[in-house]
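The values are calculated or read from the model by the stated rules, or taken from the named source; none is laboratory data. This is a predicted model, so every value here is computed, not measured. Note that we place each Cβ from the backbone using ideal geometry, even for glycine, and neighbour counts take in every protein chain shown.
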Amino acid sequence: MPYPAKVSRQFHQKKLILCIDDHRQGLYARRLILQNAGYDVITASSGRIGLRLLEQHPVKLVILDYRMPEMNGDAVAREIRRTHPNVPIVMLSGQLDIPKRAASAVDAFVTKGQPPAVLLEHLTTLACERTREAPSQ
C-alpha cells in the first residue's frame, strides 16, 4: 500500500521537484539531498500518486524510478509528457538496460549507483534549458 506524499513546508518559494519511487529509503535520501541543494521536494510512492500530485502542485522537475509496481516509469513518463510536456523528467534505475522506448520518454537517465552530484548536475542543466526555452512575457 503506497504511503502518503510528503510536502516540504515552503514548496512555493523554490523550484519544486516531484520524486516518484516505490522505495521509501530511496525517496527519503533523495529528498534530503535535493533539499540540501536548495530545492523543495514532494514525494510519491507510486506512479498514480505522483500523477495526482503533478496536477495539484507547480512542479518544475520530475525524478522518476523506472521499476515500480502497478505503473512503471515508462508509463508514468508517457503520461507526464501527455499532460505536462514542458516538465523535465529524469529517470532513475538500478538496471542499466532499460528499454529504448522508456529512455525516449525522458530528458535524462541516471543510475541509482551514481553519486548525488550526477543527479544534481542533470537537474541544473535541465532547469537552465527550460528557462532558455520559456517564452518571454
Inset, instruction - Identify all residues within region 81-116 that are surrounded by 10 or more Cβ atoms within 10 Å (Cβ to Cβ), modelled with pLDDT of 90 or more and either in a helix (DSSP H, G or I) or of a type in the set (Ser, Thr, Tyr) (or both); write none if there are none. - result: Arg81, Thr83, Pro116
Inset, instruction - Tell me, yes or no, whether region 72-81 has at least one residue that is over 13 Å from the mean Cα position of the chain (by Cα) and among the small types (Gly, Ala, Ser). - result: yes
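Residue by residue, here is whether (1) of a type in the set (S, T, N, Q); (2) modelled with pLDDT of 95 or more; (3) touching a helix residue (DSSP H, G or I) at 6+ places or on another chain (Cβ under 9 Å); (4) over 12 Å from Val76 (Cβ atoms) holds:
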position: Ala5; (1), (2), (3), (4): no, no, yes, yes
position: Ser8; (1), (2), (3), (4): yes, no, yes, yes
position: His12; (1), (2), (3), (4): no, no, no, yes
position: Arg24; (1), (2), (3), (4): no, no, no, yes
position: Gly38; (1), (2), (3), (4): no, no, no, yes
position: Val41; (1), (2), (3), (4): no, yes, yes, yes
position: Leu51; (1), (2), (3), (4): no, yes, yes, no
position: Glu55; (1), (2), (3), (4): no, yes, yes, yes
Legend entry - Contacts under 9 angstrom Cβ, first residue in region 67-78 being of a type in the set (S, T, N, Q), partner at pLDDT below 90 and assigned to a helix (DSSP H, G or I), 6 or more apart: Asn72/Ala102
Inset, instruction - Quick one: in region 31-67, of everything that is among the polar types (S, T, N, Q) and under 19 Å from Val118 (Cβ atoms), which residue is farthest from the chain's Cα centre (by Cα)? - result: Asn36
Inset, instruction - Kindly establish whether Glu70 is among the charged types (D, E, K, R) and at pLDDT below 90. - result: yes
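Does region 19-29 hold any residues that are out of contact with any Pro (no Cβ under 8 Å at 6 or more places or on another chain) and surrounded by 16 or more Cβ atoms within 10 Å (Cβ to Cβ), and which are they?
Residues satisfying the conditions are Cys19, Ile20, Asp21, His23, Gly26, Leu27.
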